[in-house]
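Notes follow once the structure below has been shown.
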Amino acid sequence: MLAALLGGLAAIGYAAALPLQERLVVSIDLATKGQAFGLLSTGTMVDQAAGALLIGGIAGVVGAGAAMTIAAVLAIATSLLLIPALRGTMPSEDEAMAVA
C-alpha cells in the first residue's frame, strides 16, 4: 500500500514537469525544437547526477536517513521558490493550440 502511494506521488511529480515542457515548446521555433529537447534532457540528467553526488556526500557525513530527509526538504524548498517566478508564464490557449 505504501509503495503504491509513493508511486502515485512520484507520478504527480513527473506530471508537474509537463507544463514546463509546454513552455519550452511554445517558446522555441520549429527549426531548433530537437536541439532544445536534447539540451533539456541532457541538462536534466546532469542535474540529477550532481544532486545524487551532493546528497551522497552529505550521507557520508550525516547518514543515509538524514541525507534523504535533507534531499526531500531541498526538493520541496526549490519547488516553492520557483512558483512565483513561473506564475503567469503559461502559454495562452492560442499558443498551445498552434503548437499542437
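Nothing in this text is a laboratory measurement; each read-out follows from the coordinates by a stated rule. The model shown is predicted, which means the values in this text are computed figures rather than measured ones. Every residue, glycine as well, gets a Cβ built from its backbone with ideal geometry; the counts of neighbours run over all protein chains shown.
Per-structure values
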{"quantity": "Cα-based convex hull, the chain, per residue volume (Å³, whole number)", "calculated": "128 Å³"}
{"quantity": "Of M45, M1, L81, farthest towards positive along the dipole that unit charges on Lys, Arg, Asp, Glu beta carbons give the chain", "calculated": "M1"}
{"quantity": "For segment 80-86, 3J(HN,Hα) per residue [Karplus equation, 6.51 cos²θ - 1.76 cosθ + 1.60, θ = phi - 60°, Hz, x = Gly/Pro]", "calculated": "5, 5, 7, 4, x, 5, 8"}
{"quantity": "In sequence order, calculated HN-Hα J values of segment 9-21 (Karplus, 6.51, -1.76, 1.60; Hz; x Gly/Pro)", "calculated": "5, 5, 5, 5, x, 5, 5, 5, 7, 4, x, 5, 5"}
{"quantity": "For segment 37-85: Kirkwood Rh in Å [reciprocal of mean 1/r, alpha carbons]", "calculated": "12.0 Å"}
{"quantity": "Per-peptide average of other Cβ atoms within 10 Å, ordering 66-74, 8-16 highest first", "calculated": "66-74, 8-16"}
{"quantity": "Cα centre as origin, Lys/Arg/Asp/Glu Cβ charges: the chain dipole, Debye", "calculated": "300 debye"}
{"quantity": "In sequence order, calculated HN-Hα J values of segment 74-79 (Karplus, 6.51, -1.76, 1.60; Hz; x Gly/Pro)", "calculated": "5, 5, 5, 4, 4, 4"}
